[in-house]
Amino acid sequence: MSDADQKPAAETVPGLGMTARARLTNLTIDIVLFVFGILMVLPLVLLVANAFKTPQEMVAWPPTIIPADPTLDNFRSVLGETPLLRWIWTSLRFAFLSMVAIVITSSIVGYVLAKFQFRTLEVIFILILATAIVPFEVYMIPLYFQAQSLGILNSIWGLLLGYLVMSFGIFLIRQNVKHSIPDELLEAARIDGAGELWIFARIVLPLLRGPLGALAVLSFFQAWTAFAWPIIVTTSRDAYTIEVGLALFQTGFTVDLGRLSAAAAAVLVPSVTIFVILRRNFVQGIASTGVKE
Amino acid sequence: MLRTKKWRFAILAILPTLAIFAWVRMFPIWETLRLSLHRWDILSRDKPFIGLENFRELFQDQLFLNALVNTTIIAFGVLFVTIPAALVIAALIYHRTRSRFAGFYETTVFIPHIVSLVPAAMAWKWIFDANLGPLNAVLEFFGIPGQAWLFDPVLSVICIIILCSWQALGYAVLIYLVGFKNLPHTLFEAAKLDGASGIQRFFFISVPLLRPITLYVSVVTLISGFNVYAQAFVLASDSQGAPGRLVRVLVLDMLENAFRNYRVGYAASEAVILLCIVLVLTLVQFGLLREKWNR
């Protein structure tokens with residue numbers, strides 16, 4: 001733990017060799033971080049491993065990471081018992097539509113709030129800012145009754161109702177437009193006779209590719225992992241999202257560990273894979289939540 | 001002329017989203033506030049205005065008080081585990097930024113934060129399982145008797161804290177890493193020349209300089225702790241298999257009042273209390289930040 005805040009560049013200055021002590025410190029830190037990292041993902045790794053195990057191997061001690069006798073029985077029986085694929089499909093559609101809605105609404109509103117100076121807009125911005133701190137759990141019960149009166153419970157539209165806009169998305173885009181798109185650029189286009197819509201679509205949007213990518217990834221995962229809202233909006237087994245389906249499936253009496261693990265692994269493996277591929281977008285998006293202004 | 005044109009575009013562009021916003025955000029928030037002052041039961045026809053009666057009843061309701069206490073313990077428990085751990089891990093990862101494993105460290109710490117709650121909670125449910133779980137097996141290996149982790153009200157709160165901290169850690173580490181990258185290098189150089197050791201630099205330079213970040217991460221962690229639901233739902237199923245009953249949390253209590261007891265007004269007043277907690281936390285954060293700026 002010593003030398004914890006040493007400036008990283010200091011140790012790589014060319015021509016300056018590291019002392020033996022610094023080397024030893026670094027090695028120790030590497031080992032600590034390595035072990036810690038493994039421990040962080042171990043629960044998930046074991047879960048995925050369990051999905052491929054036979055009942056006998058499941059209870060063996062110590063638990064094996066790579067099953068000695070891998071089997072797909074668990075997956076087969078889960079797919080036979082539950083509409084798992086249907087749940088995943090529902091979640092995918094829900095997350096995709098939510099992502100589209102959030103990216104569109106955030107980019108337009110974020111741009112307008114960043115670049116147009118009118119008193120009305122300031123009031124609107126304050127309104128959005130004020131509602132942003134209200135957690136979803138606070139207003140989801142009235143929202144449920146709104147969905148009910150529209151007759152969209154147990155449907156993808158009902159799910160979507162809670163995930164159409166994202167205050168953070170609006171701030172993210174507004175911030176990026178303010179810092180990365182100069183007014184002169186927009187004014188020049190206006191003088192050249194470009195319409196506002198053309199400016200937005202041809203100048204602003206292409207410059208926002210990075211933050212929009214981050215927002216897309218964040219909003220997709222936000223809907224994909226949603227739990228409280230889907231569990232009240234969907235009440236029929238066929239309409240569940242994967243999170244709700246799994247949560248209710250695991251309360252059953254007769255369900256054994258192998259099938260539970262298989263169902264969970266079927267959800268975990270794709271989402272972790274997507275995360276590892278899109279890690280940069282994620283990190284950019286999430287890091288920007290912490291460094292406002 | 002140009003200004004009117006710009007104004008027209010701005011309003012037209014913003015209007016659809018604003019309408020959606022009013023419809024799915026502002027209106028339900030307003031409804032929550034309104035319902036909390038009414039006896040609004042699904043089954044009864046009149047829904048009279050009763051002032052603060054719901055709130056008075058709430059503070060005599062053992063189930064609600066129990067949920068409030070549990071949720072508070074969980075939120076602060078997660079805070080006290082996550083913040084120091086995240087600070088240390090972020091410092092270590094930052095120190096090894098140039099290492100070829102830096103990406104590996106960041107990714108592994110961050111993965112628990114992005115995986116879906118339910119499958120992750122299922123993994124931990126197995127780990128904590130009294131008979132099959134590896135946790136008891138490890139404890140017994142060291143001669144410590146195994147515990148019925150998920151069937152004891154106190155131990156299951158600890159289990160939920162562990163699960164939530166495991167998930168919250170990645171986010172906190174990420175935000176701290178951004179903080180570390182923005183710290184002024186010159187201070188560290190000066191401290192180094194004065195002979196400050198790494199540990200001293202960590203405690204006397206990094207920790208104080210990162211205070212605004214600590215404040216921000218703490219508030220975010222606390223707020224998400226107060227909204228805990230899925231974790232309790234999955235981990236704390238009671239012996240009858242009913243989800244979440246063993247460790248009552250606020251959101252669970254609220255949903256039960258609304259959808260099992262049909263007392264929507266009563267549930268809305270719980271939501272208002274949740275909102276008040278969040279508001280207080282946010283105001284504390286702003287207050288402390290402003291105090292810092294003024295000094």
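Label-to-label distance for A:ALA130 and B:ARG211 is 3.1 nm, based on points extended 7 Å past Cα in the beta-carbon direction. Adding -39500 (n - 2.57) for every DSSP H run of four residues or longer, then dividing by how many residues chain B holds, sets the calculated 222 nm ellipticity at -23000 deg cm²/dmol. On the basis of the beta-carbon distance and an R0 of 60 Å, B:THR97 and B:ARG45 show a calculated FRET efficiency of 0.35. When chain B is treated as a Gaussian network with alpha carbon springs shorter than 10 Å, the biggest mean-square fluctuation among B:VAL219, B:VAL24, B:VAL138 belongs to B:VAL24. Per-residue extension of 0.36 nm, minus the Cα-Cα distance of A:TRP61 and A:LEU24, leaves a gain of 9.8 nm for this segment.
Full extension of the chain between B:LEU288 and B:VAL138 yields a length gain of 49.7 nm, computed as 0.36 nm times the residue separation minus the alpha carbon distance. Applying 1/(1 + (r/R0)^6) with r as the Cβ-Cβ distance of B:LEU2 and B:ALA22 and R0 = 41 angstrom yields a FRET efficiency of 0.90. Counted as membrane-span-like here are DSSP H helices of chain A whose alpha-carbon atoms extend 15 Å or more along the helix's own axis and whose Kyte-Doolittle mean is 1.6 or above; these are A:20-51, A:119-132, A:257-277. Once the dipole of chain B is set up with Lys and Arg at +1 and Asp and Glu at -1 on Cβ about the Cα centre, which of B:ALA137, B:LEU275, B:ALA190 lies farthest towards its positive end? In chain B, that residue is B:ALA190.
Here, chain B yields an orientationally averaged convex hull projection of 24.8 nm² when only Cα atoms define the hull. For chain A, the normalised intensity computed at q = 0.09, 0.10 Å⁻¹ comes to -0.66, -0.78 (log10 of I(q)/I(0), Debye sum over alpha carbons, equal scatterers, no solvent).
Annotated for the protein assembly as shown: lysine pairs at least 8 residues apart or interchain, Cα distance under 30 Å, count 21. Here the spin labels are modelled as points 7 Å beyond Cα on the Cα-Cβ line, and at A:THR120 and B:ALA191 they lie 5.2 nm apart. Hydrophobic, long helices, defined as DSSP H runs whose alpha-carbon span along the helix axis is 15 Å or greater and whose mean Kyte-Doolittle value is at least 1.0, occur in chain B at B:62-95, B:117-128, B:153-181, B:211-226, B:264-294. Convex hull volume per residue, computed on the Cα atoms of the protein assembly as shown, equals 194 Å³. Measuring nothing but how far apart in sequence close Cα pairs (under 8 Å, 6+ apart) lie, relative to its length, chain B scores a relative contact order of 29 percent.
Contact order, relative form, for region A:32-107: 21 percent (alpha carbon pairs under 8 Å, 6 or more residues apart, mean separation divided by residue count).
Placing unit charges on the Cβ atoms only, positive for Lys and Arg and negative for Asp and Glu, gives the protein assembly as shown a dipole magnitude near 1640 debye about its Cα centre. The length gained by stretching the chain between A:ALA68 and A:ALA201 to full extension, at 0.36 nm per residue less their Cα-Cα distance, is 42.3 nm.
Sequence-distant contacts, meaning Cα pairs under 8 Å at least 6 residues apart, place the relative contact order of chain A at 29 percent. For region B:117-200, the list of chymotrypsin sites (Phe, Trp or Tyr not before Pro) that fall in a loop by DSSP and count at most 10 other C-beta atoms within 10 angstrom reads B:PHE142. Per-residue ellipticity at 222 nm computed for chain A from its helices equals -22000 deg cm²/dmol, with DSSP H segments shorter than 4 residues left out and the rest contributing -39,500 (n - 2.57).
Values quoted throughout were computed directly from the atomic coordinates according to the rules given, and no laboratory measurement underlies them. This structure is a prediction, so every number in the text was calculated from the model and none was measured. Please note: Cβ atoms are built from the backbone with ideal geometry, for glycine as well, and neighbour counts cover all protein chains shown.
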